[in-house]
């Protein structure tokens, strides 16, 4: 008798898909090729703009053809994109790389969450979503931690090797995605194109106030934390005097902090999601940014690890809360619509902060990001 499918292949895919060996050094890699912080943030914004443009079509593709095939395309596109990033002799090469990476990411976001929820729902154990999603997130952080340690170490000897290692990992992730068991229910879709996208938007707008609050809060806080993690942490570590040789170890420590947050989320009861405790995360994030702006010491990376702990706690908590409020047949489309908003916010916010960094320095940027986070949380609280 064949064994019943489990979430283990999903967890393994989560691990492979986050083997970003180049993450600890990407901003420094661009700066080493003569790019300013503003140009770096524009390049990363191009990545998110590509995600934004491809988000809805990829969500429709995922709903129609199957989530595992969308996850497979993620691996293919990102393996191509990372090769272009390894050769940024001209800014155009980096732009092409970011576009391919963005399209690949668009196939991944929403699809992985919808796949897992529908897989569990098909087996009548959807109440395990937060536990299994957090487990997948945990192994994503494990993968990123291992990749950070290796990538930061080999960068000293070969700047391109971290990118080549990631390309191999993404190709293997694409192969694993094909082997995932996908319940027939996840292949149903009622409509396509703009009509399906508009139905996803209408589901958010006409849904409960709790859904609108969670989508708004999730998008705003997701963006502000992501801006810090993607564009600011590497220049900050360099500015406070952390040796490049230790970047891999520092980023491994960051991923361990994220893993700790993810593990904590696994043990939080569902009722915790209904107590407004999400907004405390914005407060602690802002408090951490303020401390980082004031304290300039190599060991301030310990403070920065609090951001990664919040990140690890935040993702599964909010994902569970939002998923519980979305109908299954529109789950991937609604999640892609939410991701569309997050990445659009990044495209707007990140270049402004890059300009602030070039003009007034990192401390001012950290203050500005903290103020934006607080203001965003207050706006969501006011209009929830």
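Each reported figure results from applying straightforward, stated rules to the coordinates on display, with no laboratory input. The structure presented is a predicted model; accordingly, all values stated were derived computationally and were not measured. Cβ atoms come from the backbone with ideal geometry, glycine included; neighbour counts cover every protein chain shown.
Taking one quarter of the surface of the convex hull spanned by the alpha-carbon atoms of region 1-105 gives a direction-averaged projected area of 7.8 nm². Simple spin-label model, 7 Å along Cα-to-Cβ: residue 283 to residue 352 in nm? Output for this residue pair reads 2.5 nm.
How much length would be gained if the chain were fully extended between residue 93 and residue 299, taking 0.36 nm per residue of separation minus their Cα-Cα distance, in nm to one decimal?
70.6 nm
At a 10 angstrom cut-off on C-beta neighbours, averaged per residue, how do the peptides 114-123, 69-78 rank from highest to lowest?
Numbers: 114-123: 21.9, 69-78: 24.1.
Descending mean neighbour count gives 69-78, 114-123.
Subtracting the Cα-Cα distance of residue 364 and residue 290 from 0.36 nm times their residue separation leaves 25.7 nm of extension gain.
With both labels modelled 7 Å from their Cα along Cα-to-Cβ, the residue 160 to residue 8 distance reads 3.9 nm.
Here the extension length gained between residue 375 and residue 33 equals 119.5 nm, from 0.36 nm per residue of separation less the Cα-Cα distance.
Ranked by the mean number of other Cβ atoms within 10 Å of their residues, highest first, the peptides 57-66, 241-250 fall in the order 57-66, 241-250.
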